[in-house]
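Undergrad: Mind looking over this structure? Questions follow.
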Amino acid sequence: MKNINLITRRGFLSNSFKISAGVALSTLVDIPLVMKRALAEGNIGLNGKKLLFIFLRGGMDGLNTVVPIEDSAYNATNRPDILIPRESGGYYSSPGQCDFPVSSADPSASNYSTFHYNRAIKTGNGFAALHPSLKFLAPVYNAGELAVMHRVGYPKQSRSHFDSQIYWENGSPNNNILKDGIFYRTLIESGLAGMAPLTGVSVQSALPLILRGSGAAMTNLTDPTRYNLLGVPNTTDGNLKAEQALIDSNLFPFPAKKNRDFLALQYKNLTDTLPIFGDIGFTDAGNTFRDDVNTDGDTEPYYLFPTNNAKNGGYTLHGNDSDKYVVDTGAYSFFTNLKAAALILNKTDAIIAGTELGGFDTHNNQGSTTGAHPNLMRRIGWAMYALRKYFINNGDKATWDNLVVVTLSEFGRTTIQNANAGTDHAEASAMFVAGGGIHGGVYGCHPGDPVPWLTGQAGSMFGVSNRYLKRAIDYRSVLGELIREHLGATQSQLGRIIPGYANAGESLFTGGTSSLDGTPIIGEVNVI
Amino acid sequence: MKKFILFGWMLLVGLIPAITDAQVITNFNSSGQQKGIRFPLDAAIKSYDVLSTTNLNQPFTLNPSFVYAPFYDTNTVSVSAGEIILDNLAGTSSGSWTAATSSNDKYGSNYRYKVQGTGVAYFDFRPTISFAGEYDVYTWHPAGSNRTAGAPHVITHAGGSSTVYVNQKVNGGVWNLLGRFNFAAGTTGYVRITDTFADAGQLVMADAIRFASVIPIDVETHPIAGYEWRATQTAPQSFYKIAVTPLSGDEALTATVLNRLAYGQTPDELERILTGPNPIGPEAYIQEQLNFELLLEDVAGSHTNFGIIGPRFAGPTDVVDYTFAQTYTTNTNTLVVTTNNVHSSTNAAIADFRAWHVLRAVGAKRQLLEVLLQFWENHFVTQYSKSFTYFGRFYNGDSGVRENRLATQAEYLEIDRWRTALLNPQCTFYDLLKISVESPAMIIYLDTVDSRGDRSNVPNENYARELLELFTVGVDNGYDQNDLTLLSRAWTGWRVEIVDPANAFNPFAPRTTVNLPSATNNFTAVSNLFGVWAFNYKSQFHYTNTPTTLFSNKFVPARFGPYYASKTYGTNSVPGLYSLTMPIRQGTNGIQDGYDVIRHLADLPFTQEYISVKLCRLFVHDEFTHGYDFADGTWTPEKELVWQCMAAWEAGSPKGQIRAVVSTIFNSPLFRSQEAAGQKVKTPLEFTVSAIRALRSSTNGTFSAGTFTADTEGYALNTPLSRMGGMLLFDRGDPDGYPEGAPGWISAGTLNERIRFVQSLCIAPGQFGHSGGQSGTGNDAGNSTSNPVELMKSRLLSDADRRNATKVVNFFLGILYPGEGAGNLELYRQAGVQFLNTSDLGDPSLFNVLTVSSVANNVYDNRVRGMVAMLMSMQRFQEQ
């Protein structure tokens, strides 16, 4: 017996690896303590609640998304090429339901096209309106399950994409040092990260900072339909042999180098998750999920996840008519990723999953009711509609009542358009929060808010440097409330997940005047 | 057969401070009875080799040249070493347990029993575990009909406690397995038998417990590095005498140099530098690469695609038009059409350019030039698809073909100009910046092309922001939002235009008025014009309202130290003041604003710092950041290196010579130390190219097309790069460029794609997994191929060697992990040998009886290919 068999070596190395991992953790400042504390408190991961995030990268123009239609500063002088037109009369000031401009199935009707309606959609809060391409938000909103948050930002807002994305993701404004993400820390506090193979998952090109950290590996899938290995020969047996060899190699010890602990965590996460995803139908053939009603005046239920033309709204119902698309054809990869994130939350024990949607950096030809920004609005609107229906009708390990969907974006855009019919980097923007337990409505976009929306050329839209929309809600208050009230963190855990919560002067919980820049903020809005 | 019996092991990583040699350790348990050797995992040690066995009397002294490992003779210690048997005599009890001897199937001389109870009574077997690890735990009981069918055995182990119920009516007189548990060293683990069983009127037995270490180690194949070997003084023992061979500086440096100055090692380069006859050594290689313009670049001969793609690139004065297999020239407004047989029917498209670019990375002699080009291309990032969209304003009906050609040309011209600039040994940062600023691709990418500053127009801030934040001084480094807004005025009027080819370098030229011969109607449409798209300045859009002062009243901060604080900058006479005023400039004079700005920015200390930091991240490791306090007197190696780079930048005439800065890095201890090796993680481009290069040897020594044991036609890397995290060359969406650091690239999903790529690369062409096959596979490596058996055969010449698993594995370890101490690769070696000796089904299958063959799907070929794929799937192949 010259050689040790694989099983024996594995057992032997397995032991070694545990020691190694323990040591690696101990080199971090306080992760082991955090993990110990987590075992003693909180409900994250134990209460069945889940969260799905969509990061809208590039800086979303909040003013053309959730339109302050009753603010006189929202006008054609400030936004000559990109203004969202209003309906005439006192239409928007009357409270009530959100309008859902339904289309007709009759090609000769003037409202035949899915996005025939080209004016701001009344939300019924008496002040705010939605971009017409967000029409599919209306059913979610009217079910009381959509919260529209406006004027969301943070103190001393950075207008750099990269810095601002870092701050949104690490949960610590103006801190470039903190290298782990807000949802990563949430999952560390659950006590499950590093023990359960799957806690946080992203479906995009690379693991985002929001899920990144050095103590435990979160999972990113670039293409979930290809999540397996190839042996030589590429047969069932050959593949197993290759996979076993890789699993064994995870346990090889190594001298310390920068990045080696990080690589080891990710390798282990790969081999831990290989078997889990094998049973989930990620391929497009498995995309059979359809609406349970004929929506938007059409004759058959639409597919929920438009991943190709045939599954895109009423396209095939009307002789392949692109007028009946619910999203543009460039949206398919986003919906493929969104579907995978939804399936993972629904079919596995993952607690947080998400993806991203790019293209919001609309410096140039942003578009009013058609074009670049409107196409993105269509994606958001349909995504929320589809996620709600998917989880209501197919809920398994995640149900609509146990789920929150949240969008994030690093900043808003200039109140006045630039010379290219676009908008540049600015400050506060809008967030959407949806879920069966959400207290729906519009927050932060009304003159009667605790921090009032001031109208006119000297109002909120020019509240910073006479150029930018001033924040009234800190994004950390929104995420903080969700992490505590929904995911089940205790208040003290929240202080560790979002450091600003531990500083009463920031007023993230109660609202008040931020000690960092003297700006009044609303605090938590009781969104759930 | 002599055997080491390993009693325990412990990973040394992090447990103890780094040590550079094996150490004898004593008194490592509380009783002071034991003695052993610590073998560090250390990149500085090349190998531990067993020299001889020596019976040494204790205490032994350490000869500094050698280290010693204890071993036991198999005659005196059984292979089940690590076994601890506790008879009930060694146990402790609570409650009234009765000793008895009558059962014949007892262990030892007696046993204990007790009647049913509440669990207050128990019998404990508590071993002293010397070495943490996994143990199989067994129990022994005398069986009988009056015993409980569920004797509770509570095992307290490192992972908590577990209860196993044992039927004591049967299976007496043998060891019954309770399970495999992990125990910490010491006495915290134990087995407790309690009296809380369910069947009333029965008895529970407590006789003996056995803890058997599950790993008897065969010392001749067991790795030494990274473990402690221990012996107890009470046992008869001897020692192996072991030689420690340090890794030579050249070996470690060669690996670093080939990973950083080049896209990884090739077997041929390794031999030329290090392992072959008359090696030149890594120093000579560094000098070769630092003077790359002197190297003969014969990459064009290494693949036939160079001959196909190269002629299709359109130069700055070449008209891009896909509709004719012709080139055009103008002669005083008369169009001369010449059929050009060298050109293929189309100009290069983006896929061609990408293939050409990666083919150079794979095969170029001037590796450092290719590395630097990729760095600057990624630093001054532009986006193919943004240009594509822009040209779409003028061309439609071409199915995007002409937009593709034009956008590709815009990207190609940047690389072409940077290449020319870098070939000058005195090339400066300013030279490279100027190329970027004037590039149509950049003017389009960050929206300058539509920016206006005339009348009441608000200039687009996009380019001004990224010019400061990403391309020169670095984020929040010496500017504020106001500077950025003001700076956006400088670029108003910078546009692109289609001009007569003769005017390609005249930014004031009007739009061409010559029509294409194909234009039979609509002569006013831009799509019908004959000309080249070039940088063009439109003075009517330039901001001329007021004079603009950038960095007004801003001084170089004290953190840069007195030298930079006391210098004057630009036309300022006040030391440290670095403001820049752009006067009102009318007409074409307005173009000067932009040039003034880049001349000013190029050598500011902020820029020197930020660019040096980025180059250090490229060549050393990820953990450099701008914002160092150079004045505070404490120096980390990182801060010091950045400072030295800035000194090299400042000392040159002209300032900012790229070669001077990178030469400073290559000469630094941070770069040269053995610790520096393997600190970085490969980007997808580096990973795929290095995988091909690692197996790429010229079979006839000519480096000519078709003679390599691993190759690619270039195009095949596009899809894998996309899958590994969206690394679309020349098409980065965000202006920060693709990440250099590991976190931006590494996650389970991208690792899956990386591993699949090397696995597919190792599968023979035509076989499943290389070309189609398994569900969801497609064509991972595509037209990237390797033939590891042919490569190995070119170095292992005898049939016996080729069937010797250890030699085969050692050969591949040598070319895949040069500069890595053999001790550190011991587990890789074992895994490789094991793999070669295992069938696909996982059964033992001797490698040395296979017939050597490189025929696809032959058992031998598959074995070797699979083993190489496994070695390349390992974590360390991700590192550079």
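Undergrad: What ranking, highest mean first, results for peptides B:572-579, B:151-158, B:541-548, A:211-218 when packing means the other Cβ atoms within 10 Å averaged over each residue?
TA: Going by the mean number of other Cβ atoms within 10 Å, highest first, we get A:211-218, B:151-158, B:541-548, B:572-579.
Undergrad: Distance between Cα centroids, the stretch B:413-440 to the stretch B:103-150: provide it in whole Å.
TA: Each part reduced to its Cα centre gives a spacing of 80 Å.
Undergrad: Could you tell me the distance between the Cα centroids of the stretch A:100-164 and the stretch A:180-221, to the nearest Å?
TA: 31 Å
Undergrad: Other chains' Cβ within 10 Å of A:69-80 residues: what's the mean?
TA: Shielding by partners across A:69-80 averages 0.
Undergrad: Just which residues of the stretch B:840-856 lose 50 Å² or more accessible area with every protein chain there, against their chain alone, with the probe set to 1.4 Å?
TA: Residues meeting the cut-off: B:D840.
Undergrad: Calculated FRET efficiency, B:S798 and B:I308, Cβ-Cβ r, R0 45 Å, to nearest 0.05?
TA: E(calc), rounded to 0.05, equals 0.65.
Undergrad: How large is the helix-only mean residue ellipticity at 222 nm for the protein assembly as shown, computed as the sum of -39500 (n - 2.57) over DSSP H runs with n ≥ 4, divided by its residue count, in deg cm²/dmol to the nearest 500?
TA: That comes out to -8500 deg cm²/dmol.
Undergrad: Hey, if you put +1 on the Cβ of every Lys and Arg and -1 on every Asp and Glu Cβ in the stretch A:6-521, which of A:V327, A:S113, A:G124 ends up farthest toward the positive end of that dipole?
TA: Value computed over the given set: A:V327.
Undergrad: While we're looking at this one, here's another question. I'd like the FRET efficiency for A:N174 and B:L296, computed as 1/(1 + (r/R0)^6) with the beta carbon distance as r and R0 of 35 Å, rounded to 0.05.
TA: It comes out at approximately 0.10.
Undergrad: List the residues whose amide H sits under 5 Å from the amide H of A:L56, counting only those 5 or more places along or on another chain, with H placed 1.01 Å from N in the peptide plane.
TA: Placed amide hydrogens put A:L357, A:L408, A:S409 under 5 Å from A:L56.
Undergrad: Another question about this same structure. How big is the dipole moment of chain A about its Cα centre under a simple scheme where the beta carbon of each Lys and Arg is +1, that of each Asp and Glu is -1, and everything else is neutral? Debye, nearest 20, please.
TA: Dipole about the Cα centre, nearest 20: 1460 debye.
Undergrad: Given 0.36 nm per residue, what is the gain on full extension from B:S248 to B:V855 after removing their alpha carbon distance, in nm?
TA: Once the chain is fully extended between B:S248 and B:V855, it gains 214.7 nm.
Undergrad: Then there is this: Scan the stretch B:649-692 for chymotrypsin sites (Phe, Trp or Tyr not before Pro) in coil per DSSP, keeping those whose Cβ has at most 14 other Cβ atoms within 10 Å, and list them by number.
TA: Sites meeting the loop and neighbour criteria: none at all.
Undergrad: Something else about it: Just reorder B:D734, B:D593, A:D81 by solvent-accessible area, largest first, 1.4 Å probe, all chains present.
TA: The ranking, largest first, comes out as A:D81, B:D734, B:D593.
Undergrad: What are the residues of the stretch B:645-680 that lose 50 Å² or more of accessible area, with a 1.4 Å probe, going from their chain alone to all protein chains?
TA: Listed by number, the residues meeting the 50 Å² cut-off are B:Q679.
Undergrad: Take every residue in peptide B:868-878, count the Cβ atoms of other chains within 10 Å of its Cβ, and give the average of those counts.
TA: 5
Undergrad: Interface size between chain B and chain A, please: total buried accessible area, 1.4 Å probe, rounded to the nearest 100 Å².
TA: 7700 Å²
Undergrad: Ignoring ligands, DNA and RNA, what accessible area per residue does the protein assembly as shown give at 1.4 Å, in Å²?
TA: 34 Å²
Undergrad: Given 0.36 nm per residue, what is the gain on full extension from B:A284 to B:T806 after removing their alpha carbon distance, in nm?
TA: So the extension gain works out to 184.7 nm.
Undergrad: How far apart, in nm, are two points set 7 Å out from the Cα along the Cα-to-Cβ line at B:K639 and at B:F555?
TA: 2.2 nm
Undergrad: Ranked from highest to lowest mean number of other Cβ atoms within 10 Å per residue, what is the order of the peptides B:93-105, B:800-812?
TA: The densest-packed peptide leads the list: B:800-812, B:93-105.
Undergrad: If you don't mind, another one. Using a 1.4 Å probe and ignoring any ligands, DNA or RNA, find the accessible area of B:E740 and quote it in Å² to the nearest 10.
TA: Here the accessible area works out near 40 Å².
Undergrad: Tell me, what % of the accessible area of the stretch B:84-213 is carbon and sulfur with a 1.4 angstrom probe?
TA: 50 percent
Undergrad: Let me ask you something else. Could you tell me the calculated FRET efficiency between B:S456 and A:S93, based on Cβ-Cβ distance and R0 = 30 angstrom, to the nearest 0.05?
TA: 0.40
Undergrad: Set the bar at 28 Å for Cα to Cα. Now go through B:K680/B:K793; A:K49/B:K682; B:K365/B:K680; A:K257/B:K614 and name every pair that lies beyond it.
TA: From the list (B:K680/B:K793; A:K49/B:K682; B:K365/B:K680; A:K257/B:K614), the Cα-Cα distance tops 28 Å for B:K680/B:K793; A:K49/B:K682.
Undergrad: Calculate the mean, over all residues of peptide B:446-453, of how many other protein chain Cβ atoms lie within 10 angstrom of the residue's Cβ.
TA: Mean number of neighbouring Cβ atoms from other chains: 4.
Undergrad: Taking the dipole about the Cα centre of the stretch B:374-415, with the C-beta of Lys and Arg at +1 and of Asp and Glu at -1, give me whichever of B:T382, B:Q409, B:G392 is farthest to the positive side.
TA: Farthest along the dipole direction, towards plus: B:G392.
Undergrad: Report in % the part of the accessible area of the stretch A:6-521 that belongs to carbon and sulfur, leaving out ligands and nucleic acids; probe 1.4 Å.
TA: 52 percent
Undergrad: Find which of A:Y303, A:S465, B:P316 sits farthest along the positive direction of the dipole of the protein assembly as shown, computed with +1 on the beta-carbon of Lys and Arg, -1 on that of Asp and Glu, about the Cα centre.
TA: A:Y303
Undergrad: Label A:S104 and A:D279 with points 7 Å out from Cα along Cα→Cβ: what is the distance between them in nm?
TA: 5.0 nm
Undergrad: Continuing with the same structure: Roughly what would the spin-label model give for B:F505 and A:T288, points 7 Å off Cα along C-beta, in nm?
TA: In this crude spin-label approximation the distance works out to 6.6 nm.
Undergrad: Given a cut-off of under 8 Å on Cα pairs at least six residues apart, what relative contact order in percent is computed for the stretch B:84-213?
TA: Reported as a whole number, the value is 38 percent.
Undergrad: By how many nm would the segment from B:V120 to B:T699 grow when fully extended, if each residue of separation counts as 0.36 nm and the alpha-carbon distance is taken off?
TA: Residue separation times 0.36 nm, minus the Cα-Cα distance, leaves 200.7 nm.
Undergrad: What is the percent carbon and sulfur in the accessible area of the stretch B:630-727, measuring with a 1.4 Å probe over the protein chains and ignoring ligands?
TA: 54 percent
Undergrad: Just to be sure I understand the curve: with the Debye formula and one point per C-alpha of the stretch A:282-371, what is log10 I(q)/I(0) at q = 0.15, 0.20 Å⁻¹?
TA: For the stretch A:282-371, the Cα-only Debye profile gives -0.69, -1.03.
Undergrad: Assign one of three labels to the stretch A:6-521, namely rounded, prolate or oblate, based on the Cα gyration tensor with a ≥ b ≥ c the square roots of its eigenvalues; rounded applies when a/c is under 1.5, prolate when it is not and a/b is larger than b/c, and oblate otherwise.
TA: The shape class here is oblate.
Undergrad: Right, here's the next one. Taking 30 Å² as the minimum loss, tell me which residues in the stretch A:392-429 lose that much accessible area going from the chain by itself to the full protein complex (1.4 Å probe).
TA: Relative to the lone chain, where solvent access is computed with a 1.4 Å probe, the stretch A:392-429 loses at least 30 Å² at A:A419, A:N420, A:D424, A:H425.
Undergrad: In straight Cα distance, which aspartates and glutamates are under 16 Å from A:K179, not counting same-chain residues fewer than 8 positions off?
TA: Hits, sequence-local ones excluded: A:D30, A:D163, A:E169, A:D261, B:D622, B:E623, B:E740.
The values are calculated or read from the model by the stated rules, or taken from the named source; none is laboratory data. Nothing here was measured: the structure is a model prediction, and the numbers come from that model. Cβ: placed from backbone, ideal geometry, glycine included. Neighbour counts: every protein chain shown. For accessibility, only protein heavy atoms count, side chains too; no ligands or nucleic acids. Shrake-Rupley method; radii C 1.70, N 1.55, O 1.52, S 1.80 Å.
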